[in-house]
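The values are calculated or read from the model by the stated rules, or taken from the named source; none is laboratory data. Because the structure is predicted, anything quoted here is derived from the model rather than measured. Cβ sites come from the backbone with ideal geometry, for glycine too, and all protein chains shown count toward neighbours.
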Amino acid sequence: MKKFILLTILSVCFSNAQSIHTYNFKVNPGTESSVGSLFSEFHGKYKRKSGGVTLQRVRFLDGVTHRIMVYGNPKDWGTEEKRPQMAWQSYLRGMRSLRSSAKGSYTAKSMYWKGGDRDKYKVGRQWLFKAKDPSKYASAYVKFAKAIEPMIGERMMGVGKIEMGDLGGATHYSVFYGESMQDLEIMADKIRASKAFQEFVKTNGGREILVSYMVTDLIRN
């Protein structure tokens, strides 16, 4: 019965899966506020059909200072109002003058996402890893995430499958959001000490973590 319920949860999660596109870059020193202003001015004008677009600060990832994350239902991708080509080209020219390209961009498909308070919990830790048994890992993750919901409150967490990107062989990502780096460290210690985490380690089929880093939501549209 429990297995049937879990499979039902997974089916719902996967059928409602959002597409995620992340674009990494390195901002030229002293131009951070200009990047934020340009991002807000352009993306704030056009309401998306689904999902959203977020400018994030990136730490502990070599050569990357920021990234733009676009997410939404692939069946309702893009903006409700068509963006003029000239406006799009102007936005791209402006961004190119303020930053340089960086490695690690990718596209992914969300497999599970626990929502929460995005205004309070803006700092996330992300892992890129190889899952030895993807289906077993997904099942174990969903069970684990639901078991620790009372512990983490309105903090967000999720897992997804990497679709495209040169990420050293990474097949999946996972992310956990908190209020600050200190909050993330404290919660990580509590989670690792839980019975749910010990069970997750035993049943997820194994994984190889390739890299972990931090992201901070700066502007969301």
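At a glance:
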read-out: Neighbours by Cβ (under 6 Å, 6+ apart or cross-chain): first from segment 193-216, in contact (Cβ under 8 Å) with a residue 12 or more places away in the chain and over 30 Å from T65 (Cα atoms); second assigned to a loop (DSSP other than H, G, I, E, B) and β-branched (V, I, T); value: A196/I148
read-out: Filter result (among the hydrophobic types (A, V, I, L, M, F, W, C) and closer than 18 Å to H43 by Cα) within segment 75-110; value: W77, M86, A87, W88, L92, M95, L98
read-out: Lone unmet requirement of (1) of a type outside the set (G, A, S); (2) part of a helix (DSSP H, G or I); (3) surrounded by 13 or more Cβ atoms within 10 Å (Cβ to Cβ); (4) free of Cβ contacts under 8 Å to residues at least 40 places away in the same chain for V142; value: (4)
read-out: Any chance L167 is in a loop (DSSP other than H, G, I, E, B), aliphatic (A, V, I, L, M) and either exposed (fewer than 14 other Cβ atoms within 10 Å of the Cβ) or within 18 Å of the chain's Cα centre (by Cα) (or both); value: yes
read-out: Tally of residues being touching a Gly at 6+ places or on another chain (Cβ under 6 Å) and not hydrophobic (A, V, I, L, M, F, W, C) across segment 142-190; value: 4
read-out: Check on D183, outside any helix (DSSP H, G or I) and not aliphatic (A, V, I, L, M); value: no
read-out: Among the residues listed as R83, R48, the single one being modelled with pLDDT under 95, under 16 Å from N221 (Cβ atoms), of a type outside the set (G, A, S) and buried (at least 17 other Cβ atoms within 10 Å of the Cβ); value: R48
read-out: Matching residues in segment 89-104 - criterion: being within 19 Å of I219 (Cα to Cα), out of contact with any strand residue (DSSP E or B) (no Cβ under 6 Å at 6 or more places or on another chain) and touching a residue at least 24 places away in the same chain (Cβ under 8 Å); value: Y91, G94, M95, L98
read-out: Answer residue from segment 112-139, given it is acidic (D, E) and free of Cβ contacts under 8 Å to residues at least 60 places away in the same chain and is surrounded by the most Cβ atoms within 10 Å (Cβ to Cβ) among those; value: D117
read-out: Residue check, A188 buried (at least 19 other Cβ atoms within 10 Å of the Cβ), of a type outside the set (D, E, K, R), modelled with pLDDT of 95 or more and outside any strand (DSSP E or B); value: no
